[in-house]
Every structure is written in C-alpha cells, then in structure tokens.
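A quick write-up on the structure given underneath.
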Amino acid sequence: MEARDGLLDLAVNVYSGERPDWLERALHAGIAEAAAYPDPEPARRAVARRHARPPAEALPTAGAAEAFTLVARLRPWRRPVVVHPQFTEPHAALEQAGHTVTTVLCGEADGFALDPAAVPEDADLVVVGNPTNPTGVLHPAATVRALRRRGRLVVVDEAFMDAVPGEPESLADDRSDGLLVIRSLTKHWSIPGIRAGYVVGDPAVVRELARAQTPWSLSSPAVAATVACTAPQALPEADTRARLLTSWRQYLQDGLADAGVPFVPSAAPFVLARPGEGVHGLLRAHGVAARRADTFPGLDPSWIRLAVRPPETSRRFLDALAEVRACAPRA
C-alpha cells in the first residue's frame, strides 16, 4: 500500500468525508442480519430501479473486482482487448483466466482520448474505463457506443462515474445488446472495506454472469449498502459529493498549473500529473503518499496519480511538491 506510516494520503481514491447517517444505519442493520445467509435480491431490485431496468438486467457483485473476474471467466474469449492506460484488474483477471490480452493504448499526444478505430475488428471483448483510471479522462458516450459490434461484448468500467455531476456520459441506462456496465460503490461512499458493486446491461450476459457467480458472494452489509446507496434518497447526497469533488479537483489542478507541473485534465476523483521521474520517492521522504503510475501500461515513472482531497490537504501536498522540486537534481 502507498499510504501508510502516517503519510499524507493522496494515493487512495476514497472520498474524504464522513459517511451519511443513513448509510451508517444501513451498515449496522446489515451486520445485525449476518446470522443468516445473505439474500442479494433486495440489492438487485434496488440497482434495477436506480437505472430504470428490469431486475434481469442487474447483478450486485462483491465490488467491481468480482465483476471483472466473472467477465473474464464467462467465455473462451478469442481476442479480448483492454484499452489502456486503465485499471489493471480486468487485464489481470483475463490473464488469470488463461486468456491472451490485446492492449490498445490511448496516447498522451491525444490527451489519452479513446479512438474506437484502434480496436481490432476481430475483438470479441473490449474493456474500457469511463472516466478512466488513472487518466481521469471522460470519454463521450457516443465514442464508447462506437465500440459495439455484432458478436462483441463491450464492458465499460464506470467505477468513478458517480464522481461526475449528472453522469452525462454514463451508459448505465443504455439497454443496447452487447453492452455491460460495471459500477463500484466503495470509493464514492467511503466504504472500501465493504465490497459492494454491480453490473447492469444485456440481460443474456447478466444471466450468464449470475449463473457463474459464487453463492452468497455478497455479504449482508454489502447488500444493505447497495440498497441504501442506490435508493432515490441517496441521489442528492451523491450529487453533492460529486460537486464537492469537482471544486476540490479544480483547486488541485490550478495548483499544479501554477507550479508548472503537467497534468491531464480530469473528470474523476484523481488527477494524473507528470512532475518527473524520482518525484514519487522524494514525496514519500517528505511525508506524502501519491500513487505511482508506472504500473499502468503506457505510463512511465515520471507520472503520479493524485487523489482529490479538500483544499487544505491539497495545499499541504503542493507545498511539499514545491520543496521536493526545489531540491531535486536537474537533468
């Protein structure tokens, strides 16, 4: 883990704030029900209502990670493609399932934008993040839809879409065939220890995923959290958090711009910045944890990913960054 030993944490993408009282009550209720095997059906119905779908088009999962594993093991994929830079979990899940993965790279020169034409025509599975981790780029919904082909499953990782006010580019309500959207509830609602997420999409695919899912993979607290966080009364709080993140991110990006540090304009609760090789380690020495980015395909050690925090925390980071760059050796 990047964040430990009392470091200032800009590494972990969890919303910096207290959980709502209604979510705390739901979690406690879920624990109280732990004496019985969990019933995921209330969560499935809640997710379906959230996205105006029938329950057959929704499947609650133990976080996005379980969903990626289920997709990887769903079929003997002939040409699975992962669009990078992207969260590495879907790529790893496919390899662990015995597949050879084709990587399609979005380039810095194009602002890490998605080009559907770069995806091989014979790809039968395409995984893309939106907004993408770690670049924070929000792809237009029409661009993501352009990936669809007969016989191809397009999986959109929308784990951070709830951080975008209004979710204008989300495909979670799109009922097209061959489209699957994966969501996570853990980051936006500050519950990473409760593995809660879901899949919505093509009912035939969702049915296959449900058959492959381990019985009772979703814990009672996760069921309760999913019901609470997808309920109508949760939406105003979700939007408030998204708008706060937007203002906090603007403060961080303005500070990076003032410091002359290149970054990728973000729509996510993190910012990909390029302060230079070696800065990641120097920041740790100055008490700041940032996420190294060279573990993401297409990025090198000059990049770091910064979690969006309230301005007072970002100011502490920016001050530490100024100190680090002042004493860093020049090339």
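The values are calculated or read from the model by the stated rules, or taken from the named source; none is laboratory data. What you see is a predicted model, and the numbers here were worked out from it, not measured in a lab. Positions of Cβ are generated from backbone atoms using ideal geometry, with glycine treated the same way; all protein chains shown enter the neighbour counts.
Some points to look at:
- Filter result (without any contact (Cβ under 8 Å) to a residue 12 or more places away in the chain and among the hydrophobic types (A, V, I, L, M, F, W, C)) within segment 1-47: Met1, Ala32, Ala35
Conditions (1) outside any loop (DSSP other than H, G, I, E, B); (2) in the same structural domain as Ala67 (by TED's automatic domain parsing); (3) more than 12 Å from the chain's Cα centre (by Cα), marked per residue:
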{"position": "Val126", "(1), (2), (3)": "yes, yes, yes"}
{"position": "Pro131", "(1), (2), (3)": "no, yes, no"}
{"position": "Val137", "(1), (2), (3)": "no, yes, no"}
{"position": "Val144", "(1), (2), (3)": "yes, yes, yes"}
{"position": "Val156", "(1), (2), (3)": "yes, yes, no"}
{"position": "Asp162", "(1), (2), (3)": "yes, yes, no"}
{"position": "Pro165", "(1), (2), (3)": "no, yes, yes"}
{"position": "Ser170", "(1), (2), (3)": "no, yes, yes"}
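- Answer residue from segment 178-207, given it is of a type in the set (Lys, Arg) and surrounded by 21 or more Cβ atoms within 10 Å (Cβ to Cβ) and is nearest to Arg75 (Cα to Cα) among those: Arg183
- Residue satisfying all of: in segment 259-269; of a type outside the set (S, T, N, Q) and assigned to a loop (DSSP other than H, G, I, E, B); surrounded by the fewest Cβ atoms within 10 Å (Cβ to Cβ) among these: Gly260
- Within segment 270-310, restricting attention to residues that are crowded, with 18+ Cβ neighbours inside 10 Å and of a type in the set (Val, Ile, Thr), the residue that is farthest from Asp9 (Cα to Cα) is Val279.
- Within the span defined as segment 72-82, every residue fails to be touching a residue at least 60 places away in the same chain (Cβ under 8 Å), buried (at least 19 other Cβ atoms within 10 Å of the Cβ), of a type outside the set (Ser, Thr, Tyr) and more than 30 Å from Ala289 (Cα to Cα).
- Within segment 277-299, considering residues that are among the hydrophobic types (A, V, I, L, M, F, W, C) and not in a helix (DSSP H, G or I), the one farthest from Asn133 (Cα to Cα): Val288
Residue-wise test of (1) assigned by TED's automatic domain parsing to the domain that holds Arg315; (2) assigned to a helix (DSSP H, G or I); (3) closer than 20 Å to Thr61 by Cα; (4) at pLDDT 95 or above.
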residue: Tyr198; (1), (2), (3), (4): no, no, yes, yes
residue: Ala204; (1), (2), (3), (4): no, yes, yes, yes
residue: Leu209; (1), (2), (3), (4): no, yes, yes, yes
residue: Leu218; (1), (2), (3), (4): no, no, yes, no
residue: Val223; (1), (2), (3), (4): no, yes, yes, yes
residue: Thr240; (1), (2), (3), (4): yes, yes, no, yes
residue: Leu245; (1), (2), (3), (4): yes, yes, no, yes
residue: Ala257; (1), (2), (3), (4): yes, yes, no, yes
residue: Pro275; (1), (2), (3), (4): yes, no, no, yes
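- In segment 176-196, the residues that are over 21 Å from Ala238 (Cα atoms) and either outside any loop (DSSP other than H, G, I, E, B) or out of contact with any Asp or Glu (no Cβ under 7 Å at 6 or more places or on another chain) (or both): Ser176, Leu179, Leu180
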